[in-house]
Structure formats: C-alpha cells, structure tokens
Amino acid sequence: MKDTTISGLRAVVVAIAPAVMLAGLVYHPFIANLTDTAAVAAAAGEDTFRWAVAHLLVGVGSGLLALAFLAVRAWLREAGEERFSAVAIPFVIMGATLYAILPGMEFTVLAAVEIGADVAAAQAAIDAWFLPLLLSAAVIFAVGILGFAMAIARSGVLTPPLTALVAGALVVMAVAHFVPLGLFQFYVNGLAGILALWPLAYAIRTRAATAAQPRAMQAD
C-alpha cells in the first residue's frame, strides 16, 4: 500500500473519531450533574431511543479515538518523535477502553425502563461502579493525552500556532474527563477533541501529499 494511501487512511480515522464522539455526546440527553441519580434515571426514561443511540455512538467514538491516537503515534514516529508518544499510547488505549465500558453500563438503565423496573434503583446500583470507573479512565487517559501534548509540542510537526491549539485542546480534553458535569463531559470534552484532532488530521494528509510530490517529479 502506498504511503499516501496509508496517510490518507490515518487522516480519515483521526478526523472521524472526534466527530463521532462529539455526535454521541451532543445527542446525549443533557444532565447537569452526572452524579444525580434521579436526573440520570429521568433522562433515560424520557427517550429510550435517544439514550440508546447516544451511548452507542459514545462507545464507538471511544474505540475510534483509540485508533486515531494509534494513527497519530505512527505519524509522529515517522517524523522522528520516539519519546513521549511511545510512552503515552498505552495509556490512551487503556483509558479509551475503560471509557467505552461506561456507555455499555448505562444500557442497564435502559433495560430497567423497558421492563418497568425501578430505574432510579438500577442507576444507583450502577453508580457504585460507574463513578470509580469514570475516575480511573480519566486518570489513565489524561496521562496518555498529556504525553501526546508533550510529543506534539517537542516534535515541531506543526506550526507554533497549531501546536499551541492542539496541545491546549488536548489538555482541556484531559481535564474535562475529570469533571462529572454535563457541560464538561458532553460539550467541552467533545469540542476539545475536534480542536485537537482535526488539525492533526489535516497535517497528516498535507504532509503525505507534500512528500509525494517530489517522488512524482522524480518519476517524470
């Protein structure tokens, strides 16, 4: 497979992943405080279809984010960055995996709605595991994300303004995972992912196209 094709596929994954995640987070019923069991139960019972689709999108988006950072890691390695991204990538993969479990757990609440069980009680039972898992995923993911921020800042693969934008957005993305408020979990987190990864997708695709031009001229 040609280098330009591989880079194109990487760019597509890096661009699609945060878009899918943002779609799921924005479509999720807004809950001001995610630790409010009654509010979560009410949101699940109000529109079960929306609840299911939103959580499915978030789960898929989390998996795609893992693939996206694998693509970014490969691109950074080819650019000569072998220090920070190499250490960061396992943390990102593990954090994204743990985060993907969370929307799966919320299907228990959906099942309670469907069978007419006590939805609030089901959510309360989940919370005993949900919140510690959310915090664990946030800590692990943050270590990886901050590692990638350092890798991008130190590697010089982007212009200084884009470096500041991407690194800053990655830091915001990491911090947002710790805040159990809808504003941060749904909107700040999702938008930060777009601001961090879309410039990287563009840079991956642009650098591949630029590198292909001299080879094409030599072939002529």
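The values are calculated or read from the model by the stated rules, or taken from the named source; none is laboratory data. Remember, it's a predicted structure, so these values are computed and weren't measured experimentally. Every residue, glycine as well, gets a Cβ built from its backbone with ideal geometry; the counts of neighbours run over all protein chains shown. Protein only, heavy atoms only, side chains kept; ligands, DNA and RNA dropped before computing areas. Shrake-Rupley method; radii C 1.70, N 1.55, O 1.52, S 1.80 Å.
Tell me whether the stretch 86-102 contains one or more residues that are more than 30 Å from LEU158 (Cβ to Cβ), at pLDDT below 90 and either surrounded by 18 or more Cβ atoms within 10 Å (Cβ to Cβ) or of a type in the set (A, V, I, L, M, F, W, C) (or both). The answer is no; no qualifying residue exists. The single condition among (1) surrounded by fewer than 22 Cβ atoms within 10 Å (Cβ to Cβ); (2) touching a residue at least 24 places away in the same chain (Cβ under 8 Å) that VAL157 does not meet is (1). Consider THR163 carefully, then state whether it is among the hydroxyl-bearing types (Ser, Thr, Tyr) and surrounded by 15 or more Cβ atoms within 10 Å (Cβ to Cβ). Judged against the criteria, THR163 is a match. Cβ separations smaller than 9 Å between residues 6+ apart or across chains give the following pairs from the stretch 25-45 residues that are outside any helix (DSSP H, G or I) to residues that are basic (Lys, Arg) and open to solvent by 40 Å² or more (accessible area, probe 1.4 Å): HIS28/ARG50; PRO29/ARG50.
Scoring PHE49 on the criteria (1) among the aromatic types (Phe, Trp, Tyr); (2) within 16 Å of the chain's Cα centre (by Cα); (3) more than 18 Å from LEU181 (Cβ to Cβ) leaves a single failure, condition (2).
For the criterion of being farther than 26 Å from TRP129 by Cα and aliphatic (A, V, I, L, M), ALA11 passes. Considering each residue of the stretch 107-126 in turn, at least one proves to be closer than 23 Å to VAL139 by Cβ, modelled with pLDDT under 95, open to solvent by 10 Å² or more (accessible area, probe 1.4 Å) and touching a helix residue (DSSP H, G or I) at 6+ places or on another chain (Cβ under 9 Å). Can you tell me which residues in the stretch 12-39 are open to solvent by less than 30 Å² (accessible area, probe 1.4 Å), small (Gly, Ala, Ser) and either under 12 Å from VAL53 (Cα atoms) or at pLDDT below 95 (or both)? Matches in the stretch 12-39: GLY24 only. Please go through the stretch 178-210 and pick out each residue that is open to solvent by 20 Å² or more (accessible area, probe 1.4 Å), under 14 Å from the mean Cα position of the chain (by Cα) and within 16 Å of VAL13 (Cα to Cα). Answer for the stretch 178-210, where residues must be open to solvent by 20 Å² or more (accessible area, probe 1.4 Å), under 14 Å from the mean Cα position of the chain (by Cα) and within 16 Å of VAL13 (Cα to Cα): ILE194, LEU195, TRP198. Kindly establish whether GLY63 is on the phi > 0 side of the Ramachandran plot and either not in a helix (DSSP H, G or I) or not hydrophobic (A, V, I, L, M, F, W, C) (or both). No; evaluated as a whole, the condition is false for this residue.
Filtering VAL72, VAL40, VAL60, VAL26 for residues that are more than 21 Å from the chain's Cα centre (by Cα) and of a type in the set (Val, Ile, Thr) leaves a single hit, VAL40.
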